[in-house]
Amino acid sequence: MKFSKNIILITLSAFFFFYAYHAFLVLPIRIISLGGSEFDIGLVMSMAGISTLLVTPISGILGDKYKKKYLLMSGAALLGLTNLLFVYFDSIYYSYLVLRFFQGCAFSLFFVSAGTLIAENTLEENQTQALGFFGIFAIINHALAPTVSIEIINLLSYEFFFISTVLASLVSVIIIFAIIVEPSNLTQTSRGKNFLELLKNKKLRLVCIIMFLVGGSFLTCLNFTAVFTKSINVKPITIFFLSYTTIALIMRIFFGWLPDKYGQVTFCKPALIFYGISIGILGLSLNFIGVMIAGLLFGVSHALVYPSIYTLALRFTDISNKSKAFSICSVSFTSGGMIFSVIYGLIAETYSFKVMFLSCSIIVTLGFYYFMKLLEKEISYE
């Protein structure tokens, strides 16, 4: 697929935005340097997730009502302003909690608007590949932004680190302001619906349930894998993430067109099952090879699943409600991650990481299979 100028520019602005956002994965180091505890780290870092969960539905409503270009700009500008305030405030319980909350608001505005705008600028048969291309820059910055930020902090200071994220946000705003335009061939032909009306669509409900399970399994791995690999003396402890990131990038760049050509459901069903199996392999791993294989399988599955599910949500929704559908999917992913992370954390604390990963594997694998069968059945009625 040859991407349009708009798609390239949206994803380029997203690269700088995601850099400015994911760079703050190193904020725990700053919190410790200010005398904070592990509890303080969890509290501060979770504020962005809480605000994202609260603001994402509002972002969906705004996206269906106003021009997404301006919402993109608002998100990037809000992130830049919020990051700038980190230079002047260093109170963990007052300023950091509030600033992280607004970072989550900025992420919600940008992510929902960008994802929907990409879908609107792409033919339906190419939407999964386009959304996967967009997601590449988030994946890259999970590794790139913290790595560069650590170097800036070590060589210069925290102030220069904060300023670097402000500059990245500014570049994102300039790209959006100067070049990105709304697609001219789209007109709203149906009325906007509220969230309850949208969820009367059984296919969309099923997609959201599946995304809830995806979020729960993905964020469980994200939150606990590094600690688990360290506990079994596997080095480097980041091998799971390196394997996952590398293969996910390869899959999205070279094979991202497959779900669009052969059908999202066709690929989602086996990919989701392998998603669950990869978590089980991780739980049974005792060495470097096991963790690496789990990461590779997890990356292949996630690369195909994540954009495919968003594409299905948009496919089951009319043009006047696509931002709300995108936001519902995003809320499902985030809430699944928050709820399951707490549950699986308690399982790990009570039993072991092995029991935690295996229970996660069994629950999500059976859940994916069951709800994908229901979705296939609903689609067959079309």
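Bear in mind that the values in this text are calculations on the coordinates, not laboratory data. Remember, it's a predicted structure, so these values are computed and weren't measured experimentally. Cβ atoms come from the backbone with ideal geometry, glycine included; neighbour counts cover every protein chain shown.
Below, the figures for the structure above:
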read-out	value
Stretchable slack from residue 379 to residue 355, in nm (0.36 nm times residue separation minus alpha-carbon distance)	5.1 nm
Under the Karplus curve 6.51 cos²θ - 1.76 cosθ + 1.60, θ = phi - 60°, whole-Hz ³J(HN,Hα) for the stretch 73-80, x wherever Gly or Pro sits	4, 4, x, 5, 5, 5, 5, x
Relative contact order %, the stretch 5-178, counting alpha carbon pairs below 8 Å whose residues are six or more apart	43
Pairs beyond 32 Å (Cα-Cα), from 5/373; 69/200; 203/230; 322/373; 261/377	5/373; 203/230
Contact order relative to length of the stretch 195-380, as percent, for alpha carbon pairs under 8 angstrom and 6 or more apart	40
Given charges at beta-carbon only (K, R positive; D, E negative), |dipole| of the stretch 41-135 in Debye	240
Dipole moment magnitude, nearest 20 debye, the chain about Cα centre, only Lys, Arg, Asp, Glu C-beta charged	700
Cα-based convex hull volume of the stretch 1-147 per residue, rounded to whole Å³	108
Dipole of the chain, positive direction: furthest Cα of 44, 63, 241, with charges on the beta-carbon	63
Pairwise FRET efficiency - residue 5 versus residue 34, Cβ, R0 = 51 Å, nearest 0.05	0.70
Dipole of the stretch 1-154 [Lys/Arg +1, Asp/Glu -1 at C-beta], most positive-end residue of 104, 93, 115	115
Lys/Arg +1, Asp/Glu -1 at C-beta; the chain dipole; positive extreme among 345, 8, 307	307
Spin-label model distance (nm) - residue 286 vs residue 342, 7 Å beyond Cα toward Cβ	3.6
Dipole magnitude of the stretch 28-81, debye to nearest 20 (Cβ charges: Lys/Arg +1, Asp/Glu -1, about Cα centre)	420
